[in-house]
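This report refers to the structure that appears directly beneath it.
Nothing in this text is a laboratory measurement; each read-out follows from the coordinates by a stated rule. Everything numeric in this text was worked out from a predicted model, so none of it was measured. Cβ: placed from backbone, ideal geometry, glycine included. Neighbour counts: every protein chain shown.
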Amino acid sequence: MAQANTAQPTHDQEARIHVRELTKRSGTSFFWAMRLLPPERRYAMYAIYAFCREVDDIADEGRSPEEKAHGIEAWRAAIEELYAGAPRLLITQALQHAVRDYRLPKDDFLAIIAGMEMDAIENIRAPSLSKLERYCARVAGAVGLLSVRTFGDSSETALKLALAEGKALQLTNILRDLREDADRGRLYLPRELLEKHGIATDDPASVLTHPRLGKVCEDLAAITRASYDEAERLLDRLDRRTMRPALIMLSVYRRTLDALVARGWDDLDADVGPSKFVKLYLAVRHGFF
């Protein structure tokens with residue numbers, strides 16, 4: 001009688017399963033884009049996303065400032081352990097192959113942590129345009145820098161694409177999540193645009209009910225659209241097969257921005273963005289490009 005296969009997954013397999021399941025459960029649009037990558041690059045992206053998700057949760061969960069600060073420092077220590085060759089967490093164990101194979105810089109992981117720290121500790125309200133730029137570069141641009149290297153292109157053009165697209169995606173998130181962010185006491189609309197349209201407060205609830213909120217959002221949408229335009233120009237100079245995941249995310253999020261602008265800013269609770277079918281269609285379309 002044949003023996004049942006009772007072999008347990010190896011530690012490496014356990015780490016891979018962990019980051020894949022965490023990414024899949026999150027429901028992120030990135031999951032379908034990642035699926036187009038070859039297996040090793042795909043699992044590297046799962047690990048990068050899982051790291052970002054875990055660090056982001058520190059900022060969003062209802063912890064005390066002291067607990068959030070401790071969580072942030074724990075992740076800094078975990079990244080130091082990873083680069084010292086002794087990762088202890090499943091996520092950093094999953095990351096070690098990507099760090100080695102794709103030469104992922106430690107500074108990009110630390111930049112992501114610093115960006116999440118801005119959320120966790122500062123509780124951002126009406127930042128200056130320069131501070132918003134710095135925030136986007138940390139929480140989204142640095143993710144893009146890790147991603148394009150993992151896709152297989154570390155050229156100067158690819159790195160510029162990462163920063164431009166990261167900024168565009170993050171600003172789209174800001175415009176999409178105004179209500180959700182306000183409920184957490186946050187307001188990412190830049191101070192210069194609020195002042196331009198005569199909004200003197202940085203109280204999130206007050207800004208969201210101000211009659212000139214739409215003007216502020218239209219201006220920020222124009223800045224966001226310019227970042228998408230720059231990203232598309234850069235994509236034209238790169239191998240689109242290599243950059244398929246970036247192309248899919250650009251297409252999905254640009255459609256979301258268009259839907260936000262079409263909806264307007266009077267009913268912030270109205271659902272927008274491409275359906276799951278459209279996301280799948282874009283993945284298939286660009287997957288066979």
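Can you give me the long-range amide H partners of Arg125? Hydrogens built in the peptide plane at 1.01 Å from N, cutoff under 5 Å, separation of 5 or more residues or another chain.
Amide H neighbours of Arg125, under 5 Å, 5+ apart: Leu187.
How far is helix 156-176 tilted off the main Cα axis of the chain, in degrees rounded to 10, range 0 to 90?
Tilt of helix 156-176: around 60 degrees.
Checking the table Lys131/Lys160; Lys106/Lys131; Lys106/Lys160; Lys131/Lys196; Lys167/Lys215; Lys24/Lys215 against a 27 Å threshold on Cα-Cα, which pairs fail?
On the way: Lys131/Lys160 19 Å; Lys106/Lys131 22 Å; Lys106/Lys160 18 Å; Lys131/Lys196 17 Å; Lys167/Lys215 20 Å; Lys24/Lys215 37 Å.
Check vs 27 Å cut-off fails for Lys24/Lys215.
State the Kirkwood hydrodynamic radius of the chain in Å, one decimal place, computed from all pairs of distinct Cα atoms.
Numbers: mean 1/r = 0.0501 Å⁻¹.
About 20.0 Å, per the Kirkwood formula over Cα pairs.
With each pseudo-label sitting 7 Å past Cα toward Cβ, what's the Arg35-Asp267 distance in nm, one decimal?
Roughly 3.1 nm, to one decimal.
Between Lys131 and Ala77, what length in nm is gained on full extension when 0.36 nm per residue of separation is reduced by their alpha carbon distance? Present the calculation step by step, with values, prior to reporting the outcome.
Details: separation 54, 0.36 × 54 = 19.44 nm, distance 2.56 nm.
Full extension of this stretch gives 16.9 nm more.
Rounded to whole Å and ordered largest first, report the semi-axes of the equivalent ellipsoid of segment 135-289 derived from its Cα gyration tensor (root of 5λ).
Here the semi-axes work out to 30, 17, 12 Å.
Mind telling me which of Arg176, Arg149, Arg241 comes out most flexible in a GNM of the chain, alpha-carbon contacts under 10 Å?
Arg241
Output the peptides 254-267, 135-148 sorted from most to least packed, where packing is the average of other Cβ atoms within 10 Å over each peptide's residues. Show your work: numbers first, answer last.
Values: 254-267: 15.5, 135-148: 24.7.
Per-residue mean Cβ counts within 10 Å order the peptides as 135-148, 254-267.
As an exercise, use a Förster radius of 45 Å and the Cβ-Cβ distance of Asp12 and Ala200 to find the FRET efficiency, rounded to the nearest 0.05. Display every interim value, and only then the final one.
Numbers: r = 56 Å, r/R0 = 1.24.
Result of the calculation: an efficiency of 0.20.
May I ask for the equivalent-ellipsoid semi-axes of segment 11-122, computed as the square root of five times each C-alpha gyration tensor eigenvalue and listed largest first in whole Å?
Working: eigenvalues 105, 55, 29 Å².
Largest first, segment 11-122 gives 23, 17, 12 Å.
For the pair Ser64/Arg233, report the inter-label distance in nm, with labels modelled 7 Å from Cα in the Cβ direction.
Modelled inter-label distance: 5.1 nm.
Normalised by the number of residues in the chain, what is the relative contact order in percent for Cα pairs under 8 Å and 6+ residues apart? Intermediate results must be reported in sequence, preceding the final value.
Values: 352 pairs, mean separation 51.9, N = 289.
Across the chain, relative contact order equals 18 percent.
I want to verify a result. In a Gaussian network model of the chain, Cα cutoff 10 Å, which of these has the top mean-square fluctuation: Ile199, Ile91, Ile48?
Ile199
Distance between Cα centroids, segment 119-136 to segment 53-111: provide it in whole Å.
21
May I ask you to derive the FRET efficiency for Glu192 and Thr157 from their Cβ-Cβ distance with R0 = 30 Å, giving the value to the nearest 0.05? Don't skip to the end; give the middle numbers.
On the way: r = 30 Å, r/R0 = 1.00.
Result of the calculation: an efficiency of 0.50.
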